[in-house]
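Below you'll find the structure, written out as structure tokens, and then a few comments.
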Amino acid sequence: MTTNRALVIGLVAGEISGENLAVDLIDTIAEQTGHTPKLVGVGGDRLRERGLKSVFDASEIALIGLTSVIASLPRLIMRINQTARAMIAARPDVIILIDSPDFSHRVAKRLKKALPDVPVIKYVAPTVWAWRPERAAKMTGHIDHVLAILPFEPDIMKKLGGPPTHYVGHPLAASEDLAEIWLQREARTQYGKSETFDLLVLPGSRSGEIKALLPDFGKAVRTLHERGQRFRIHIPTLPKLVDSIKRETASWPVQPRITVAHEDKLEAFRQADAALAASGTVILELALAGVPVISCYRVDLFMRPFIPLITTWTAALPNVICDRPIVPEYLDYMIRPGMLARRIEELVEPNSLPFEVQMQGFRHARELMAVKKRPGSRAAEIILDAIANRTNGR
């Protein structure tokens with residue numbers, strides 16, 4: 001679709017992962033229309049490079065957990081009003097909301113009231129399949145379309161009475177790096193230990209996760225060592241977490257190789273015979289790379305009263321996608337280092353049943369997530385169609 005002018009796009013992308021999606025989308029729209037869009041809204045450095053003058057620093061809405069949201073509520077209300085006013089003044093062709101739902105959905109309600117004919121599109125479906133399913137139907141008043149990155153989400157949104165939803169593909173499923181690692185691992189004739197094995201440890205990307213999980217991960221490492229296992233440990237992490245991880249692992253009987261470069265992370269994925277990881281998107285990343293994994297998670301103290309609201313039977317995305325248990329999960333008091341150590345021993349045993357079960361599941365997940373076009377390209381097509389339909393309807 002070629003346009004005779006640059007489109008004006010309202011945008012909210014408060015987190016790094018959301019900004020990466022936004023950048024890919026904006027670049028694709030520029031390619032497909034022949035003009036770089038004019039941006040208004042909230043985003044980070046990469047979007048500023050593409051012309052966005054963010055209404056405020058996007059880090060203010062990159063909040064994790066209920067306590068953070070409550071503590072920041074007065075400031076959030078002010079920022080919601082500021083963002084809505086800026087977008088209304090710009091009169092965009094389309095509004096795209098990517099993350100920070102407590103913020104972006106409130107902005108959307110104000111925008112829909114002021115600009116009822118402007119399409120509002122949510123890129124990345126909210127996890128209504130995991131908790132608070134009533135959110136799906138509530139979205140219909142201010143969201144016109146949802147672009148999902150998990151293959152089962154369109155059916156879930158339809159069953160729950162949510163807005164029209166299309167699966168556009170997950171960025172990880174479109175990753176050439178992960179696809180290359182998958183093929184390399186599939187071509188291997190021997191998995192697991194001979195004399196030694198490689199263990200990938202991924203304790204999370206936040207300091208709270210590190211404190212909650214790394215001590216037990218360390219005890220599992222010690223148990224493996226005491227049981228006579230010989231292994232190497234790789235910990236890819238973020239620069240800001242290196243010092244705390246070094247302190248926490250200083251007493252481990254096997255010293256890990258701690259790295260921060262993306263290339264080192266990919267190499268660690270290639271070498272790994274098994275992974276011990278914090279629950280999150282990284283579990284899907286490991287699955288798509290073909291790395292057997294054990295998932296662990298500790299619930300934040302202030303979130304414990306809300307556990308009954310969780311409706312999903314699993315937090316591991318490969319399990320949800322395939323609708324069967326593939327990745328073993330350990331939550332809170334079930335995180336027992338002795339169990340983790342023995343699970344790892346099962347996964348690194350050549351041709352073991354636990355290993356084969358995971359590999360079969362990971363193959364199925366890759367098949368279910370496959371798309372013909374990369375996510376940004378399909379998402380751009382749907383957004384441009386929504387703009388065209390709005391223009392034709394005038």
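Here R304 fits the description: without any contact (Cβ under 8 Å) to a residue 12 or more places away in the chain and assigned to a helix (DSSP H, G or I). Search segment 125-146 for residues being of a type in the set (A, V, I, L, M) and surrounded by fewer than 21 Cβ atoms within 10 Å (Cβ to Cβ), and hand back the single one that is nearest to D385 (Cα to Cα). Looking at the filtered set, the residue picked out is A137. Any residue in segment 167-181 that is modelled with pLDDT of 95 or more sitting within a Cβ distance under 6 Å of a residue that is in a loop (DSSP other than H, G, I, E, B)? List the pairs, counting only those 6 or more apart or interchain. Every condition considered, the pairs that remain are Y167/P151; G169/V371; H170/I149. Across segment 80-104, the qualifying residues are those that are within 14 Å of G18 (Cβ to Cβ) and of a type outside the set (S, T, N, Q), and the one among them that is surrounded by the most Cβ atoms within 10 Å (Cβ to Cβ) is L97. With respect to the stated conditions, L317 fails to be in contact with a helix residue (DSSP H, G or I) (Cβ under 9 Å, 6 or more places away or on another chain), within 17 Å of L340 (Cα to Cα) and either free of Cβ contacts under 8 Å to residues at least 40 places away in the same chain or surrounded by 21 or more Cβ atoms within 10 Å (Cβ to Cβ) (or both).
Got at least one residue in segment 192-205 being at positive phi, modelled with pLDDT under 95 and of a type outside the set (S, T, N, Q)? Checking segment 192-205: at least one residue is at positive phi, modelled with pLDDT under 95 and of a type outside the set (S, T, N, Q). Cβ-Cβ distances below 8 Å connect the following pairs, each with a first residue in segment 329-343 that is farther than 17 Å from Q358 by Cβ, a second residue that is at pLDDT 95 or above and in a loop (DSSP other than H, G, I, E, B), and a separation of six or more residues or different chains: A341/R227. Residues in segment 20-79 that are surrounded by 14 or more Cβ atoms within 10 Å (Cβ to Cβ), of a type in the set (A, V, I, L, M), modelled with pLDDT under 85 and in a helix (DSSP H, G or I): I61, L66, V69, L76.
The values are calculated or read from the model by the stated rules, or taken from the named source; none is laboratory data. This structure is a prediction, so every number in the text was calculated from the model and none was measured. Cβ coordinates were reconstructed from backbone atoms using ideal geometry, including for glycine residues, and neighbour counts include every protein chain displayed.
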